[in-house]
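Note sheet for the following structure.
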Amino acid sequence: MQISIFLKRVLLLDAASCLGMGLMLSLGASALSPLFGLDLAIVQGAGFALLPVGLFMAGIATRSSAPALFVYAVIAGNLLWTAESMILIGSTPTMTLIGEAFVAIQAVAVAGLAALEYLGVRKSLAATV
């Protein structure tokens, strides 16, 4: 599939947000953990998990073509991240209001990126046919 300019831009935005958030969470976990009311391992683990994902997204975005399956994998990952974020909010009684707001806002943003990526892959596939 040829990757449209729109899809490239959305994937680059997603990659940049993953890498930025990954660095912030992994390097700042000791300060953010008590602020969010989350275990250090959860905050740090989330940060470390985002780094290779962001690199994968950037790799797709910098190509002129890629298998649609790669973009669908990114979309599925984003939807899973959103669902896990909502589960985290609902299942962590120690989470602070700041933590709940942070997790909810980033989950909504990630869901929005997934929707934009879905539109982008559909448009890219239609243009390829």
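How many residues does the stretch 42-75 hold that are crowded, with 19+ Cβ neighbours inside 10 Å and of a type in the set (Gly, Ala, Ser)?
The number of residues fulfilling the criteria is 5.
Could you list, in sequence order, all residues of the stretch 1-43 that are among the polar types (S, T, N, Q), part of a helix (DSSP H, G or I) and farther than 17 Å from ALA107 by Cα?
SER26, SER30, SER33, listed by residue number.
Each row is one residue, and each column tells you yes or no for (1) more than 14 Å from the chain's Cα centre (by Cα); (2) among the polar types (S, T, N, Q); (3) assigned to a helix (DSSP H, G or I).
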site	(1), (2), (3)
LEU50	no, no, yes
GLY54	no, no, yes
PHE70	yes, no, yes
GLN106	no, yes, yes
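Just to be sure, is THR82 hydroxyl-bearing (Ser, Thr, Tyr), farther than 14 Å from LEU19 by Cα and under 13 Å from the mean Cα position of the chain (by Cα)?
Against the criterion (hydroxyl-bearing (Ser, Thr, Tyr), farther than 14 Å from LEU19 by Cα and under 13 Å from the mean Cα position of the chain (by Cα)), THR82 qualifies.
Cβ-Cβ distance below 7 Å, separation of 6 or more or different chains: which pairs start in the stretch 46-73 with a residue that is under 18 Å from ALA126 (Cα atoms) and end on one that is of a type in the set (Asp, Glu)?
VAL71/GLU117
Looking at this structure, is GLY59 at pLDDT 95 or above, closer than 21 Å to ILE105 by Cα, of a type outside the set (A, V, I, L, M, F, W, C) and assigned to a helix (DSSP H, G or I)?
no
Within the stretch 20-41, does at least one residue satisfy the condition of being surrounded by fewer than 15 Cβ atoms within 10 Å (Cβ to Cβ), under 20 Å from LEU119 (Cα atoms) and of a type outside the set (Lys, Arg)?
Scanning the stretch 20-41, I find no residue that is surrounded by fewer than 15 Cβ atoms within 10 Å (Cβ to Cβ), under 20 Å from LEU119 (Cα atoms) and of a type outside the set (Lys, Arg), so the answer is no.
The values are calculated or read from the model by the stated rules, or taken from the named source; none is laboratory data. The shown structure was predicted, so the numbers you read here are calculated from the model rather than taken from an experiment. Heads up, the Cβs are rebuilt from the backbone with ideal geometry, glycines too, and the neighbour counts pull from every protein chain shown.
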